[in-house]
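Below: one structure, written as C-alpha cells.
Only the coordinates and a few stated rules stand behind these numbers; no lab work does. From a predicted model like this one, the values you see are computed outputs, not experimental measurements. All Cβ positions, even for glycine, are placed from backbone atoms using ideal geometry, and neighbour counts span all protein chains on display.
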Amino acid sequence: MSNDKKTIEDYRHLVVSKDVTVHLSQDQQAMILKTYDYGLNAMTDIDEMLLSSVIRQLKTAIQADT
C-alpha cells in the first residue's frame, strides 16, 4: 500500500468553477457553525457523521454535472 498522499492538484482537473447548491438540515448547519467556531478537534462523533453527510452531499452535487 502506498503512503503517497493526494494533493488538491490531483483533483483539480476533475472539476470546473461553478455554483454548487445543497440543502442542509438544521443540525448540519449548526454543526458547521460549531466547527467553524471551535475547530475540528472539538467535534463529537455525531458532529463527524454530520460533516461526512455534508461532504457527501457536496461531492454528489459537484459530480452531478461533470
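Placing +1 on the Cβ of every Lys and Arg and -1 on the Cβ of every Asp and Glu, with no other charges, gives the chain a dipole of roughly 180 debye about its Cα centre. Positive end of the dipole of the chain (Cβ unit charges, origin at the Cα centre): among I55, T7, L33, the Cα lying farthest that way belongs to T7. Taking a straight Cα-Cα cut-off under 27 Å and skipping sequence neighbours fewer than 8 places away in the same chain, the lysines within cross-link reach of K6 are K18, K59. Across segment 16-28, rounded Karplus estimates of 3J(HN,Hα) from the backbone phi angles (6.51 cos²θ - 1.76 cosθ + 1.60, θ = phi - 60°) give 10, 5, 6, 6, 10, 10, 9, 8, 10, 5, 4, 5, 5 Hz, Gly and Pro being marked x. The phi-based Karplus calculation (6.51 cos²θ - 1.76 cosθ + 1.60; θ = phi - 60°) puts the 3J(HN,Hα) values of segment 36-52 at 4, 6, 10, x, 5, 5, 8, 6, 8, 4, 5, 4, 4, 5, 5, 4, 4 Hz, whole numbers, x for Gly and Pro. Here the contact order of the chain, divided by its residue count and restricted to Cα pairs under 8 Å and six or more residues apart, works out to 47 percent. Summing charges over neighbours of N41, with a neighbour being any other residue whose Cβ is under 15 Å away from its Cβ, gives -3 when K and R count +1 and D and E count -1. Using a/c under 1.5 as the rounded threshold, could you call the chain rounded, prolate or oblate? The axes a ≥ b ≥ c are square roots of the C-alpha gyration tensor eigenvalues, and prolate needs a/b larger than b/c, oblate otherwise. Oblate is the answer for the chain, as a/c is 1.5 or above yet b/c matches or exceeds a/b.
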